[in-house]
1. Could you say which residue among 123, 139 is among the polar types (S, T, N, Q), out of contact with any Ser or Thr (no Cβ under 7 Å at 6 or more places or on another chain) and outside any helix (DSSP H, G or I)?
2. Could you grab me the full set of residues in segment 161-182 that are at positive phi and surrounded by fewer than 16 Cβ atoms within 10 Å (Cβ to Cβ)?
3. Can we say residue 123 is touching a residue at least 60 places away in the same chain (Cβ under 8 Å), of a type outside the set (Val, Ile, Thr) and closer than 27 Å to residue 222 by Cα?
4. For residue 87, only one of the following conditions fails: (1) touching a residue at least 60 places away in the same chain (Cβ under 8 Å); (2) under 14 Å from residue 167 (Cβ atoms); (3) within 18 Å of the chain's Cα centre (by Cα). What is its number?
5. Would you confirm whether or not segment 204-212 contains a residue that is in contact with a Pro (Cβ under 7 Å, 6 or more places away or on another chain) and assigned to a strand (DSSP E or B)?
6. Being among the polar types (S, T, N, Q) and either over 17 Å from residue 210 (Cα atoms) or surrounded by 15 or more Cβ atoms within 10 Å (Cβ to Cβ) (or both) is the filter here; which residues of segment 90-119 pass it?
7. Looking at 190, 185 in this structure, which one is outside any helix (DSSP H, G or I), at positive phi and exposed (fewer than 13 other Cβ atoms within 10 Å of the Cβ)?
Amino acid sequence: MSIFYRIYPWLFVMAILIQTNDALAGPGGYIAKAAFKTWWGRLIIAVLVIIFLPLIIYIRTREKIGIRKATKIANELSKVDQNFNWLNQKARFKGAFMQVHSAWSKTDMERASEWMTTWYWRNQQLVHLDRWEEKGLVNVCKVKTVKKMKLLHVQVSNLPALEDSVMIVSIEAEMIDFLKNKKTGKVVEGDQSYKDVETVWTFTLEEGKWLINNIEPGSLSLAYAKLKKVFDMQEVKQLVGGSIIN
């Protein structure tokens, strides 16, 4: 597999090119971009996909393996703490996704403060929304539907309490996301069409609730799915009284 590691950087670039709408939408401060709209742009993408297809398949397979491991760990941990029940938590994560985007579109992140760590909601308000307000800009961000959710990584902390543990989740949604001038209405970044956008959300367990602690581009999903565990697996096995995949 050494050849894959030698050309992995090229594959990473390819992943970004192929996922033409892959950008950090709305919350997080980046605007979802739609690249390669021209006929020539689409042709270039098609050719590159054909050339790199074996590597794309390899990379997707690695991601699926990571997702399967993370889901296995979460399901085992759910035996002692339902906060790790992936099927149940998907509903909360979707709710957090919708609530945060709603607050973002109203330029008031405090509306969704209960869904985020204190540091994160203040960071979003001060770093992005307030800065855009000063420039006379507004981010229009509307979610039509959440299409896919994948558990990329589980990080276990503070056994046996599990406080400060982490779940990293990929969320793909169909949405509109663009930045416009409030006075003129002119779009200065992004566009007004619906597109599929994937983002990676980090949730931290605080006082029995999963809170958003970071939002990043979807192009990082593979990197998180490949993360190796840094916790003591034997301690986790003893906690759940079962067998967790290594």
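The values are calculated or read from the model by the stated rules, or taken from the named source; none is laboratory data. On a predicted model such as this, the values are computed, not experimentally measured, just so you know. Because the Cβ atoms are built from the backbone with ideal geometry, glycine has one as well, and the counts that use them run over all protein chains shown.
1. On the way: 123 fails: outside any helix (DSSP H, G or I).
After applying the criteria, what remains is 139.
2. Applying the first criterion (at positive phi) to segment 161-182 yields 162, 164.
Across segment 161-182, the qualifying residue is only 164.
3. Details: touching a residue at least 60 places away in the same chain (Cβ under 8 Å): no; of a type outside the set (Val, Ile, Thr): yes; closer than 27 Å to residue 222 by Cα: yes.
The answer is no for residue 123.
4. Here residue 87 meets the rest and fails (1).
5. As a first pass, look at segment 204-212 and keep what is in contact with a Pro (Cβ under 7 Å, 6 or more places away or on another chain): none.
Looking through segment 204-212, none of the residues is in contact with a Pro (Cβ under 7 Å, 6 or more places away or on another chain) and assigned to a strand (DSSP E or B).
6. Residues of segment 90-119 that are among the polar types (S, T, N, Q), as a first pass: 99, 102, 105, 107, 113, 117-118.
99, 102, 105, 107, 113, 117 - these are the residues of segment 90-119 that are among the polar types (S, T, N, Q) and either over 17 Å from residue 210 (Cα atoms) or surrounded by 15 or more Cβ atoms within 10 Å (Cβ to Cβ) (or both).
7. Details: 190 fails: exposed (fewer than 13 other Cβ atoms within 10 Å of the Cβ).
Answer to the check: 185.
Every residue, every condition in (1) modelled with pLDDT under 85; (2) in a strand (DSSP E or B); (3) of a type in the set (Lys, Arg), yes or no:
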{"position": "90", "(1), (2), (3)": "no, no, yes"}
{"position": "93", "(1), (2), (3)": "no, no, no"}
{"position": "102", "(1), (2), (3)": "no, no, no"}
{"position": "127", "(1), (2), (3)": "yes, no, no"}
{"position": "132", "(1), (2), (3)": "yes, no, no"}
{"position": "149", "(1), (2), (3)": "no, yes, no"}
{"position": "152", "(1), (2), (3)": "no, yes, no"}
{"position": "159", "(1), (2), (3)": "yes, no, no"}
